[in-house]
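Everything on this sheet refers to the single structure shown next.
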Amino acid sequence: MVPSLRAESTFVSDLNDIPANDFEDPEVPSGPLELPLDAWHRARGGRMVDFAGYAMPVQYEGIIAEHVWTRTSAGLFDVSHMGQLYISGEGVEAALEAALPIDLSTLPLGGVRYSLLLDETGGILDDLMVTRWGTGFYLVVNGATKWDDIAHLREILPDAVTINHLDDSALLALQGPKAAEALAPLVRGEQALEDLSFMRGAAFTFAGKLGDVDAWISRSGYTGEDGFEISIPAGKAAEIADQIAAQPQVRLVGLGARDSLRLEAGLPLYGHDMTADNEPVEAGLAFGINKRRRAEGGFPGAERVIEALMEGPARRRIGLSIEGRMAAREGAVVLLGDNPVGTVTSGGFSPSLERPIAMAYVESAHAAPGTSLFIDVRGRKLSATVVPMPFVPHRYHRKGAA
Amino acid sequence: MPRYFTKDHEWIEVEGDAATVGITEYAQSQLGDITFVELPAAGASVGKGDSCSVVDSVKAASDVYAPVSGSVTEGNAALEDQPELVNSDAEGAGWLWRMTLSDAGELADLMDEGAYKAYVAEL
């Protein structure tokens, strides 16, 4: 749910533009702020860029190496720019169901669920994760949109419901097939870390120098791999990051590989692959709206979403596999023969598949897997085929699986 | 053979009225992993400052400009299969194209190695 390459419609830059503009979010006017691990990243060779208003590491040793390491071992990401919110108070459950198209009646304690913040016309304002805690709900929202999200939620939630911005918490993600093996020896909890299944979370503690450090750990992430997202007090972030990074399975991974990993996993990036101009059905995100909510409605934009579900959307978010080695990026026009039928919303070279891949919105008539299309990249017509997503299979630790 | 540099991080090595062009070590380090290089066709006529080549990295696509005017004689065919040569040897085997110069006087606008190093140190 996070990072971004560029938001501009042009996708060719000067060599001079590379460090500054590549990950800049034009929505955020002020200079980059420091996150809790700023000095920690710099000391470990992280190349810092401005992202979502924060200085964040885009890479350490190199994007492809970090990408491949995450797919084969375990990568440690700092995602402390994301917004962590705690929503509680009288009637919180009904209030959240009125604000989001989520079904909380089936969400168990510690359960994590994907949902969307929609405007009155069904346009997507953000995507987010919702977890049931004992007395309320823990939300993780995108960094670039968190201030708008908080303002929006304040407006639509009743006064009895309180929003706490957990801005004294850092958030780490440990992702990859060896993430569990690396993290398990470092934490203690009422249940074993291994017993957490995909989209479940629980409280754990790390053994800190000055005593236990509380952590909320969920088995989730944004890479398509097994892995964990780890919320810890900001003041302990460096100490905990040190412990995790010292594990032999673990290397540091920046925003660059986070973007290429999530693209391969077919996971959309807010602000690019979905915006307020997209409703959930065309974005391919209606899976987050279950039968009960479809039948009952009662969430912002319900009318338009239900209409799109019944009639089918005019366009769809699809995956494209591209021939050759030239990448197609955001803004490139998708053609059927010579006729424009869509636009690329994110794209790049896939380190796992060793070929360019992209996400695009195209007219629904041309969205079926196997459809041959072209992409106009700087006047060159690249051959592309619609393919199902994910591009690289997910390897989540699902309940009941080995 | 004298080598000159541009503020856009291209280098050009001149021998008589012929030259070899590439991007600098600094540029490749900033771009990161290079996955594709679009090269100019032999025979293409280029003006100083024209975009002649595009270097695709995992992060972004970046234009490479002609440091001087002239005519392209060949692109570096080795980059078709090994674009990563630009990462491993940007100022050597990872050269991008060769060209003839139409106005050697344009070289006077470029930096020598010392001036370029000082320029990069300021970035």
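To keep it simple, each residue is scored yes or no on (1) of a type in the set (A, V, I, L, M, F, W, C); (2) within 22 Å of B:Gly16 (Cβ to Cβ); (3) buried (at least 20 other Cβ atoms within 10 Å of the Cβ); (4) in contact with a Phe, Trp or Tyr (Cβ under 8 Å, 6 or more places away or on another chain).
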{"residue": "B:Ser53", "(1), (2), (3), (4)": "no, no, yes, yes"}
{"residue": "B:Ala78", "(1), (2), (3), (4)": "yes, no, no, no"}
{"residue": "B:Val86", "(1), (2), (3), (4)": "yes, no, yes, no"}
{"residue": "B:Trp97", "(1), (2), (3), (4)": "yes, yes, yes, no"}
{"residue": "B:Leu107", "(1), (2), (3), (4)": "yes, yes, no, yes"}
{"residue": "B:Met111", "(1), (2), (3), (4)": "yes, yes, no, yes"}
{"residue": "B:Val120", "(1), (2), (3), (4)": "yes, no, no, yes"}
Within segment A:192-212, how many residues are assigned to a loop (DSSP other than H, G, I, E, B) and closer than 17 Å to A:Glu229 by Cβ?
4
What are the residue pairs meeting all of these: first residue in segment B:27-45, first residue closer than 12 Å to B:Val86 by Cα, second residue outside any loop (DSSP other than H, G, I, E, B) and among the aromatic types (Phe, Trp, Tyr), Cβ atoms under 7 Å, and 6 or more apart or on different chains?
B:Thr35/A:Phe349
Looking at (1) within 14 Å of chain B (Cβ to nearest Cβ); (2) over 25 Å from B:Asp81 (Cα atoms); (3) not acidic (Asp, Glu), find the lone condition where A:Arg317 falls short.
(1)
Note on segment B:1-49: residues at the interface with another protein chain (Cβ under 9 Å from one of its Cβ atoms), of a type in the set (D, E, K, R) and under 23 Å from A:Met326 (Cα atoms) are B:Asp8, B:Glu10, B:Asp33, B:Glu38
Selection count where residues are over 22 Å from B:Asp33 (Cα atoms) and buried (at least 20 other Cβ atoms within 10 Å of the Cβ), scope segment A:39-53:
2
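β-branched (Val, Ile, Thr) and modelled with pLDDT of 95 or more, is that true of A:Thr135?
It is false that A:Thr135 is β-branched (Val, Ile, Thr) and modelled with pLDDT of 95 or more.
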Out of (1) buried (at least 24 other Cβ atoms within 10 Å of the Cβ); (2) part of a strand (DSSP E or B), the one A:Gly221 does not meet is (2)
Report those strands (runs of 3 or more DSSP E) wholly inside segment B:1-69 carrying at least 1 residues which are β-branched (Val, Ile, Thr).
B:10-15, B:18-23, B:34-38, B:51-57, B:61-65
Would segment B:58-68 turn up any residue that is surrounded by 24 or more Cβ atoms within 10 Å (Cβ to Cβ), modelled with pLDDT of 95 or more and in contact with a Gly (Cβ under 8 Å, 6 or more places away or on another chain)?
yes
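Going by the structure shown, is A:Arg325 modelled with pLDDT under 95, within 14 Å of chain B (Cβ to nearest Cβ) and surrounded by fewer than 22 Cβ atoms within 10 Å (Cβ to Cβ)?
yes
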Among the numbered criteria (1) farther than 30 Å from A:Ser321 by Cα; (2) small (Gly, Ala, Ser); (3) surrounded by 23 or more Cβ atoms within 10 Å (Cβ to Cβ), which one does A:Ser260 miss?
(1)
Filter result for the condition that a residue is modelled with pLDDT under 95 and either of a type outside the set (Ser, Thr, Tyr) or under 29 Å from A:Glu330 (Cα atoms) (or both), over B:Asp81, B:Asp112
B:Asp81
Being of a type in the set (A, V, I, L, M) and touching a strand residue (DSSP E or B) at 6+ places or on another chain (Cβ under 7 Å) is the filter here; which residues of segment B:15-40 pass it?
B:Ala18, B:Ala19, B:Val21, B:Ile23, B:Leu31, B:Ile34, B:Val37, B:Leu39
Check segment B:93-108 and report whether any residue there is touching a residue at least 40 places away in the same chain (Cβ under 8 Å), touching a helix residue (DSSP H, G or I) at 6+ places or on another chain (Cβ under 6 Å) and within 26 Å of B:Ala41 (Cβ to Cβ).
yes
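The values are calculated or read from the model by the stated rules, or taken from the named source; none is laboratory data. None of these values were measured; they are calculated from a predicted model. Positions of Cβ are generated from backbone atoms using ideal geometry, with glycine treated the same way; all protein chains shown enter the neighbour counts.
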